[in-house]
1. If eta is 1.002 mPa s and T is 20 °C, what Stokes-Einstein diffusion coefficient results for segment 96-228, Kirkwood Rh from Cα pairs, in µm²/s?
2. Using a basic spin-label model with each label point 7 Å from the Cα along Cα→Cβ, how many nm lie between LEU121 and LYS86?
3. What distance in nm separates the two pseudo spin-label positions at SER48 and ALA22, each 7 Å out from Cα along the beta-carbon direction?
4. Place a point 7 Å from the Cα of ASP323 along the Cα-to-Cβ direction; which residues of segment 141-159 have their backbone N under 20 Å from it?
5. In straight Cα distance, which lysines are under 25 Å from LYS384, not counting same-chain residues fewer than 8 positions off?
6. Roughly speaking, what is the centre-to-centre gap between segment 249-275 and segment 1-66 when only Cα atoms are used, to the nearest Å?
7. Grab the DSSP H runs of the chain that are 4 residues or longer, score each as -39,500 (n - 2.57), total them, divide by all residues and round the 222 nm result to the nearest 500 deg cm²/dmol.
8. Could you tell me the extents of segment 193-258's C-alpha atoms along the three principal axes, largest first, rounded to whole Å?
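The values are calculated or read from the model by the stated rules, or taken from the named source; none is laboratory data. Model, not experiment: these values are computed from the prediction. Methodologically, a virtual Cβ is constructed for each residue, glycine included, from the backbone with ideal geometry; neighbour enumeration extends over all protein chains shown. These area figures cover heavy atoms from the full protein model, side chains too; ligands, DNA and RNA do not enter into them. Shrake-Rupley method; radii C 1.70, N 1.55, O 1.52, S 1.80 Å.
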Amino acid sequence: MKLLLLGGAGTMAGFALEKMLADGFFDEIIVADYNEAAAKEVVAKSKSDKLTARAADVHNKELLIDLMNQVDVVANCTGPYYLLLKPVMDAFFESNCKNYVDFCDDFEAIEALMTDENQELAKRQGQTLIIGLGGSPGLIPVEIMYGASLLDKTDTVQLSMLMDEKEEGGPAVWDHMFENFYGELNTFENGELVTVQGLSEVIEFPFPEEVFGDIGTVKLYDLGHPEVFTIPKAIPEVQNVKIKCAFYPRESMEYVINMAEQGFLDTEKVNVDGVEVSPRGVFLKMLEGTLMNPDYPGGFQPYARDPEDRGTGTVIDIIGEKDGKKAHFVSAFTADMGTLTGYPLALGAVLLSKGEIPEKGILIPEDAIVKRKEFVDEVFNSIKELGHPVKKIARVTYDL
């Protein structure tokens, strides 16, 4: 089996590649990236004869189709998806490749892709596409579906999330996070979509000590993410889907809020001495010397912390009924964002290649992954087996 890893020199792609090489399923992996030198460096560092490096600009449709025609599955790790998903999809639909997976978490890009016309085209051509198989969306909605299956009825789903400022990532990652905190966002309340202003509504959430240590209670804000659209489609009776998030440590979130109040998360260009610049673009450029600099000891705040003192993780709370009585499923975990993002994509690529996702068309993870507990367990077991930090609990309480 042969795989094309687009954006293969990126940080998140590196974690996906780690899992793919550990599994040993693919005979050949083409590491394709706009930065050919970086792709060659990835191949050299891997010391694996299964990898080859190729230069690939996703806007070069002819080249992209040629690469896709050589493989059994395309794993797309390019970003930001709101800019780069469409050219990749245009090429894929014209290719002979039958399988595709990504970890797209830009809802507007997903919505633009999942038209009736594209669904019919994919099915007619015998293609299967899994959109958004990362951490969130991806792994988390899959576990939500598993938790909901333990109840007779699901009323409320809440995700309470932390992202440590020291997580690995580049401008595309932080651009995406700022986009999901800023401006008008959607949440799902009382059975319908509601628009809220980003960073305007705050809750105080107590993170469980058995997983998150002494992090304690943290102020969380609305995060614009696809689950508010996809979960109600997958669980029609659900009335509330809330996604709350904050950067960690607390000073980091306060810093981002202050920058937002000064307009630095805005993308509308302003004129500065005759030059049109994006405030967010300036902010991201400034962060290259701090947050994105591997030699800088801290993140937004200039002090160092040991890995065990970092906080990236999620608490999934599902409230519903079982046998007519209130029930509660909770899952809580901490792990590196890279493993939570890359490992599900790698596992999805294997399932596609094995033919274990037989349905054709454009699928979201909630529908694509049917062996949900097995999928979740495989991801978290792999994180531990490959030497990354991870803590996890999951339990359901009935007859509350």
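1. Values: Rh = 17.3 Å.
So the translational diffusion coefficient is about 124 µm²/s.
2. Label at LEU121, label at LYS86, 1.2 nm between them.
3. Placing both labels 7 Å along Cα→Cβ, they lie 1.2 nm apart.
4. Only 147-155 pass the distance filter.
5. Within the straight-line cut-off, LYS384 pairs with LYS19, LYS45, LYS47, LYS50, LYS166, LYS354, LYS371, LYS373, LYS392.
6. Rounded to whole Å, the Cα centres lie 35 Å apart.
7. Per the formula, -11000 deg cm²/dmol.
8. Cα extents, longest axis first: 37, 32, 15 Å.
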